[in-house]
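**Student:** One structure follows; several queries about it will come next.
The values are calculated or read from the model by the stated rules, or taken from the named source; none is laboratory data. Note that the structure is a prediction, hence the values are computed from the model and not measured. With ideal geometry, Cβ positions are generated from the backbone for all residues, glycine too; neighbour counts draw on all protein chains shown. Side chains included, ligands, DNA and RNA excluded: accessible areas come from the protein's heavy atoms. Shrake-Rupley method; radii C 1.70, N 1.55, O 1.52, S 1.80 Å.
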There are 2 protein chains.
Amino acid sequence: MGRVTRFPDDLVERMPGGEAITMIVVDGVGGLPHPATGLTELESATTPNLDAMAAESSLGMHVPVAPGITPGSGPAHLALFGYDPARYLVGRGVLAALGVGIRLREGDVAARLNLATLDGRGRVTDRRAGRPGNAEGQRLVRRLREGVMSPPGVDLHFQHVMEHRAVMVLRGDGLGADVSDTDPQRTGIPPRPPRAEGDTASARTARIAGHILARAAEVLATEPVANGLLARGFAEYRAPGGFSRRYGLKAVAVARYPMYRGVARLVGMELAGTPASDDEAVELMQGAAGHADFRFFHYKATDSRGEDGDFEGKVAAIEALDRLLPGLDDGGVVIVTGDHSTPATMAGHSWHAVPLLIRSRHARPTGRRLTESACRQGDVGTIAARHIMSLALAHAGRLAKFGS
Amino acid sequence: MGRVTRFPDDLVERMPGGEAITMIVVDGVGGLPHPATGLTELESATTPNLDAMAAESSLGMHVPVAPGITPGSGPAHLALFGYDPARYLVGRGVLAALGVGIRLREGDVAARLNLATLDGRGRVTDRRAGRPGNAEGQRLVRRLREGVMSPPGVDLHFQHVMEHRAVMVLRGDGLGADVSDTDPQRTGIPPRPPRAEGDTASARTARIAGHILARAAEVLATEPVANGLLARGFAEYRAPGGFSRRYGLKAVAVARYPMYRGVARLVGMELAGTPASDDEAVELMQGAAGHADFRFFHYKATDSRGEDGDFEGKVAAIEALDRLLPGLDDGGVVIVTGDHSTPATMAGHSWHAVPLLIRSRHARPTGRRLTESACRQGDVGTIAARHIMSLALAHAGRLAKFGS
């Protein structure tokens, strides 16, 4: 077995073969009780398909990063994919760039951009420039590409993402990403200059970004609406390492939102496509069944409704996911969980542990539903999210024994 | 308290005195539901003595190494004894040597040997040489001792274990143990030459082992049956450190199988003897009561029947252990658990968490049985196996307070 990569932490070797694994991430699915009913979103939802799956699954809870830590989507997904999120601090800029398909290299610095509207005195009046359509957004980014030259020693690349959103990538030696946002996050004041504290690489990058944004402002000055550019989420790309090589899995990702395609790309998964609807996403998953060993499916609506503080909307989103579930189940090992909790009562991400289901022939079922109360009494106990992949591989018969 | 060793991880000091601790390891006791009944092996067994003990105990689950990791017996026992199994990778050769009482020194390399039968063209026809009796096995190992000289710079030692099994120890500077097995694991092909990948110490050891095995083949060539020698499980001895010094416990081990006496010796426990039956083992335990602070009892039949895929046999083995239990209970702190799960439905070790019982005056009893379903709702929660010793010491009144 000399050629086989050891996993994890050099502890055991992988076994050749094994079952396929499907990881269904129901974004922000964990919740808190509704004050009127005492029931969480999962407890309130009618989910016959999920219930049937849970009844024959091992249940548990996972802590995304550490107790009390509310994670963003990037680190939460890295943890689900088995990477220690504390070791791979992935910024939004990098996720945005990867999500639109830019092939980043180690050391690249990426930032998210907003096309914005400034008034005559340079103050932000609309942080989203009236949400231009995609064609208009693409036209504006083309203008930036043509009008803003790469600074000496740096390759500059602009790319449109969606509506008012774009991304900027700087490639060159000795760049840093500890650079502050220029987006003031509110209107009535001008964009801030990019600043760097700390190392000189970031200070140099802040100066370069300052020149680029000043030149971009000149290029856009004649635009009637989108006459400004705001940057945030400067981040440096450090590749976490190949998911496929690490786990011996041919991995395919299906996600409607670029951000989640980005984090899947970050670890080296293939993207099945860019589905425009949940049904299209399910079709892509079905297309991947049979030739992918690992299928990652990202479902966003639960998190969106949770962030809106819309308890009933989140319940409905869980029920909509339940209707998709039969189309996602290929009969192999199935994980259903969230990347973190987004309780509607908090209208935001939270640190609370997240319900987890592992459906396999080797489960220790309790016959209960996928809810916070059932999962905390489940067989798996409460584990760190980054151990879920080991469990999935074990259930799929893909890990060798440790020691003899 | 200057003379008192701090434990664990330098966190707290040990208290002088305290109660005795009995650790009963029911090998592979954790299981999975029988498809027909939905009950695990423990849930299916009739165990009045264990039930009575469990009803007044704290219950919990332990994860032997890490989620998803299926452990071998060596690392699983190290974890039960409070050692991080990832830090002490213990090979079979070392366990075999320790199990027959060889006093290994740091850096020694040991390998397991099989007396085997080869045909006229050097192909293995019986990997166990017809399972010779112990007297015959001892005679053959004597021939090896007399006929195979120690290579330059190395002390060579052969010792008989049982039937066709023996062990070889190499002592010298700069030896390595990353040496491949010569046992081809099947008949019809010749033994493989020992090979080393990686460091030069292992490459040197592979060359030395090659010479030894070639000479051994010459010595055995005139034997009618056992005319070959196969080696596997090359392992280097690195002492995990003294169990007694670490915990302040005079520790005695009782195990019928050499492998488990080996792992007990590895951490420095005394061996009470070599019991030939369960009843004899219980007698040795009773003999140790009163003058040992820690008694380790290993019970094998549960794992053997589990590995056979014999669900009913494993249930019967649990029931047989139940009958031994009163004879093992000295009234002090008692731990009953497994080193890992061996579900009969999987016919092998698995990664699943293992039921755990701690009987003491300071328990938080639930009145329930020692089963997977009761233990996952127990007071102890789901913990790493290597934390069990801290709990045992605490229950025995042997750990001081951390901070003031």
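**Student:** Please state which of the following conditions residue B:100 fails to meet, knowing it meets all the rest: (1) within 14 Å of chain A (Cβ to nearest Cβ); (2) open to solvent by less than 40 Å² (accessible area, probe 1.4 Å); (3) of a type outside the set (Phe, Trp, Tyr); (4) within 21 Å of residue B:271 (Cα to Cα).
**Tutor:** (1)
**Student:** Here is a follow-up. Answer yes or no: is there a residue in the range A:349-364 that is within 8 Å of chain B (Cβ to nearest Cβ), in a loop (DSSP other than H, G, I, E, B) and not hydrophobic (A, V, I, L, M, F, W, C).
**Tutor:** yes
**Student:** Still on this model: Can you tell me which condition residue B:121 does not meet? The list is (1) open to solvent by less than 60 Å² (accessible area, probe 1.4 Å); (2) over 18 Å from the mean Cα position of the chain (by Cα); (3) of a type in the set (Lys, Arg), and all the others hold.
**Tutor:** So residue B:121 meets the others, but not (1).
**Student:** Just to be sure, is residue B:95 within 14 Å of chain A (Cβ to nearest Cβ) and either open to solvent by 50 Å² or more (accessible area, probe 1.4 Å) or in contact with a helix residue (DSSP H, G or I) (Cβ under 7 Å, 6 or more places away or on another chain) (or both)?
**Tutor:** Working: within 14 Å of chain A (Cβ to nearest Cβ): yes; either open to solvent by 50 Å² or more (accessible area, probe 1.4 Å) or in contact with a helix residue (DSSP H, G or I) (Cβ under 7 Å, 6 or more places away or on another chain) (or both): yes.
Taking the combined requirement at face value, the residue satisfies it.
**Student:** Moving to a separate point now. Out of the range A:365-399, which residues are open to solvent by less than 30 Å² (accessible area, probe 1.4 Å), among the hydrophobic types (A, V, I, L, M, F, W, C), more than 7 Å from every other protein chain (Cβ to nearest Cβ) and within 25 Å of residue A:84 (Cβ to Cβ)?
**Tutor:** Those that are open to solvent by less than 30 Å² (accessible area, probe 1.4 Å), among the hydrophobic types (A, V, I, L, M, F, W, C), more than 7 Å from every other protein chain (Cβ to nearest Cβ) and within 25 Å of residue A:84 (Cβ to Cβ): A:375, A:380, A:385, A:388, A:389, A:392, A:396.
**Student:** Name every residue in the range B:123-179 that is part of a helix (DSSP H, G or I) and not basic (Lys, Arg), in order of residue number. Let's see the steps before the verdict.
**Tutor:** First pass over the range B:123-179, keeping only residues part of a helix (DSSP H, G or I): B:134-147.
Within the range B:123-179, B:134, B:135, B:136, B:137, B:138, B:140, B:141, B:144, B:146, B:147 qualify.
**Student:** If I ask for residues that are among the β-branched types (Val, Ile, Thr), farther than 20 Å from residue A:151 by Cα and open to solvent by 50 Å² or more (accessible area, probe 1.4 Å), which ones from the range A:176-233 would you list?
**Tutor:** Restricting attention to the range A:176-233, the residues satisfying the condition of being among the β-branched types (Val, Ile, Thr) are A:179, A:182, A:187, A:189, A:200, A:205, A:208, A:212, A:219, A:222, A:225.
Checking the rest, the ones that are also farther than 20 Å from residue A:151 by Cα come to A:187, A:189, A:222, A:225.
Correct list: A:187, A:222, A:225.
**Student:** So, one more: Report, by residue number, each residue of the range B:323-348 that is acidic (Asp, Glu) and within 14 Å of another protein chain (Cβ to nearest Cβ). Full working, then the answer.
**Tutor:** Step one: list which residues in the range B:323-348 are acidic (Asp, Glu), which gives B:329-330, B:339.
B:339 - this is the single residue of the range B:323-348 that is acidic (Asp, Glu) and within 14 Å of another protein chain (Cβ to nearest Cβ).
**Student:** Against the conditions (1) in contact with an Asp or Glu (Cβ under 6 Å, 6 or more places away or on another chain); (2) at the interface with chain A (Cβ under 10 Å from one of its Cβ atoms), where does residue B:75 fall short? Just the number, please.
**Tutor:** Exception for residue B:75: condition (1).
**Student:** Quick check on this structure: which one of B:106, B:43 is more than 30 Å from residue B:164 (Cα to Cα) and either open to solvent by 10 Å² or more (accessible area, probe 1.4 Å) or not aromatic (Phe, Trp, Tyr) (or both)? Show your work before the answer.
**Tutor:** Numbers: B:106 fails: more than 30 Å from residue B:164 (Cα to Cα).
Every option except B:43 fails the conditions.
**Student:** Based on this model, can you work out whether residue A:66 counts as more than 26 Å from residue A:267 (Cβ to Cβ) and either in contact with a Leu (Cβ under 6 Å, 6 or more places away or on another chain) or open to solvent by 10 Å² or more (accessible area, probe 1.4 Å) (or both)? Break it down into steps so the answer makes sense when it comes.
**Tutor:** Values: more than 26 Å from residue A:267 (Cβ to Cβ): no; either in contact with a Leu (Cβ under 6 Å, 6 or more places away or on another chain) or open to solvent by 10 Å² or more (accessible area, probe 1.4 Å) (or both): yes.
For residue A:66, the condition - more than 26 Å from residue A:267 (Cβ to Cβ) and either in contact with a Leu (Cβ under 6 Å, 6 or more places away or on another chain) or open to solvent by 10 Å² or more (accessible area, probe 1.4 Å) (or both) - is not met.
Residue by residue, here is whether (1) hydrophobic (A, V, I, L, M, F, W, C); (2) modelled with pLDDT of 95 or more; (3) open to solvent by less than 10 Å² (accessible area, probe 1.4 Å) holds:
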{"site": "B:327", "(1), (2), (3)": "no, yes, no"}
{"site": "B:330", "(1), (2), (3)": "no, yes, no"}
{"site": "B:333", "(1), (2), (3)": "yes, yes, yes"}
{"site": "B:352", "(1), (2), (3)": "no, yes, yes"}
{"site": "B:358", "(1), (2), (3)": "yes, yes, yes"}
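**Student:** What about residue B:116, is it at pLDDT 90 or above, among the hydrophobic types (A, V, I, L, M, F, W, C), crowded, with 22+ Cβ neighbours inside 10 Å and out of contact with any His (no Cβ under 6 Å at 6 or more places or on another chain)?
**Tutor:** Considered against the rule, which asks whether it is at pLDDT 90 or above, among the hydrophobic types (A, V, I, L, M, F, W, C), crowded, with 22+ Cβ neighbours inside 10 Å and out of contact with any His (no Cβ under 6 Å at 6 or more places or on another chain), residue B:116 comes out as yes.
**Student:** Please state which one of B:94, B:141, B:109 is β-branched (Val, Ile, Thr), within 15 Å of the chain's Cα centre (by Cα) and farther than 27 Å from residue B:359 by Cα. So that I can check it myself, show each step before the final result.
**Tutor:** Values: B:141 fails: within 15 Å of the chain's Cα centre (by Cα); B:109 fails: within 15 Å of the chain's Cα centre (by Cα).
Exactly one of B:94, B:141, B:109 is β-branched (Val, Ile, Thr), within 15 Å of the chain's Cα centre (by Cα) and farther than 27 Å from residue B:359 by Cα, namely B:94.
**Student:** Of the residues that make up the range B:316-324, is at least one within 13 Å of residue B:27 (Cα to Cα) and acidic (Asp, Glu)?
**Tutor:** Looking for residues that are within 13 Å of residue B:27 (Cα to Cα) and acidic (Asp, Glu), one finds none in the range B:316-324, hence no.
**Student:** With the condition being in contact with a His (Cβ under 9 Å, 6 or more places away or on another chain) and within 14 Å of chain A (Cβ to nearest Cβ), I'd like the strands (runs of 3 or more DSSP E) fully within the range B:221-322 carrying at least 3 qualifying residues. Lay out the reasoning, then the answer.
**Tutor:** Working: elements: B:228-236, B:251-255, B:294-299.
Where strands (runs of 3 or more DSSP E) fall fully within the range B:221-322, none carries at least 3 residues being in contact with a His (Cβ under 9 Å, 6 or more places away or on another chain) and within 14 Å of chain A (Cβ to nearest Cβ).
**Student:** Quick check: is even one residue across the range A:13-24 touching a strand residue (DSSP E or B) at 6+ places or on another chain (Cβ under 9 Å), in a strand (DSSP E or B), open to solvent by 50 Å² or more (accessible area, probe 1.4 Å) and modelled with pLDDT under 95? Steps first, answer last, please.
**Tutor:** Initial filter on the range A:13-24 (touching a strand residue (DSSP E or B) at 6+ places or on another chain (Cβ under 9 Å)): A:13-15, A:18-24.
Filter once more, keeping what is in a strand (DSSP E or B): A:13-14, A:21-24.
If we keep only those that are open to solvent by 50 Å² or more (accessible area, probe 1.4 Å) as well, we get none.
There is no residue in the range A:13-24 that is touching a strand residue (DSSP E or B) at 6+ places or on another chain (Cβ under 9 Å), in a strand (DSSP E or B), open to solvent by 50 Å² or more (accessible area, probe 1.4 Å) and modelled with pLDDT under 95.
**Student:** Something else: Of these, A:139, A:186, A:171, A:121, which one is modelled with pLDDT of 95 or more, more than 23 Å from residue A:109 (Cα to Cα) and of a type outside the set (A, V, I, L, M, F, W, C)? First the steps, then the outcome.
**Tutor:** Working: A:186 fails: modelled with pLDDT of 95 or more; A:171 fails: more than 23 Å from residue A:109 (Cα to Cα); A:121 fails: modelled with pLDDT of 95 or more.
That would be A:139, the only listed residue that is modelled with pLDDT of 95 or more, more than 23 Å from residue A:109 (Cα to Cα) and of a type outside the set (A, V, I, L, M, F, W, C).
**Student:** Condition test on residue B:277, is it modelled with pLDDT of 95 or more and open to solvent by 10 Å² or more (accessible area, probe 1.4 Å)?
**Tutor:** Spelling it out, residue B:277 is indeed modelled with pLDDT of 95 or more and open to solvent by 10 Å² or more (accessible area, probe 1.4 Å).
**Student:** Right, here's the next one. Collect the residues in the range B:219-268 that are at pLDDT 95 or above and within 21 Å of residue B:100 (Cα to Cα), keeping them in residue-number order.
**Tutor:** Once the filter is applied, which keeps residues that are at pLDDT 95 or above and within 21 Å of residue B:100 (Cα to Cα), the range B:219-268 yields B:229, B:230, B:231, B:251, B:252, B:253, B:254, B:255, B:256.
**Student:** Further question: Taking the range A:301-313 as the search range and keeping residues that are within 17 Å of the chain's Cα centre (by Cα) and open to solvent by less than 40 Å² (accessible area, probe 1.4 Å), which one is farthest from residue A:328 (Cα to Cα)?
**Tutor:** Here the residue is A:306.
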